[in-house]
C-alpha cells in the first residue's frame with residue numbers, strides 16, 4: 001500500500017475514533033440524514049483538534065502545526 005494512502009487513512013481513522021456517530025451505519029442512509037454535513041463538520045472539528053494537539057501524521061512528517069486563527073483564516 002502506498003505511503004500516501006496510509007497517511008490519508010490515518011486521518012479517516014482519527015475522524016472515526018473521535019466522532020463515532022459518523023461511522024454508525026444508520027447515519028449512512030441516503031435521504032434520511034445530512035451525511036455530507038456530518039462529514040464536513042467532523043472534518044472541520046478534527047482539523048481544529050489537530051491544530052491544537054497534533055496527530056500521528058504531523059508527528060510522522062515532523063510538521064509545524066498552524067494556529068486555529070491561521071487555519072480558519074486560510075493563512
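Going by what's in this entry, would residue 59 be described as at pLDDT 85 or above, in a helix (DSSP H, G or I) and exposed (fewer than 12 other Cβ atoms within 10 Å of the Cβ)? Full working, then the answer.
Values: at pLDDT 85 or above: yes; in a helix (DSSP H, G or I): yes; exposed (fewer than 12 other Cβ atoms within 10 Å of the Cβ): yes.
For residue 59, the condition - at pLDDT 85 or above, in a helix (DSSP H, G or I) and exposed (fewer than 12 other Cβ atoms within 10 Å of the Cβ) - is met.
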Checklist entry - Across segment 62-75, which residue is surrounded by the most Cβ atoms within 10 Å (Cβ to Cβ) among those that are more than 15 Å from the chain's Cα centre (by Cα) and part of a helix (DSSP H, G or I)? => result 70
Checklist entry - Being in a loop (DSSP other than H, G, I, E, B), over 15 Å from residue 18 (Cα atoms) and at pLDDT 90 or above, is that true of even one residue in segment 35-56? => result no
Next on the checklist: Cβ contacts < 8 Å: first residue loosely packed, with under 12 Cβ neighbours inside 10 Å, restricted to segment 4-29; second residue part of a helix (DSSP H, G or I) and at pLDDT 70 or above, any location; separation 6+ or different chain. Result?
Outcome noted: 21/38
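The values are calculated or read from the model by the stated rules, or taken from the named source; none is laboratory data. Keep in mind that what you see is a predicted model, and the values were worked out from it rather than measured. Using ideal geometry, Cβ is built from the backbone for each residue, glycine included, and neighbour counts are taken over all protein chains shown.
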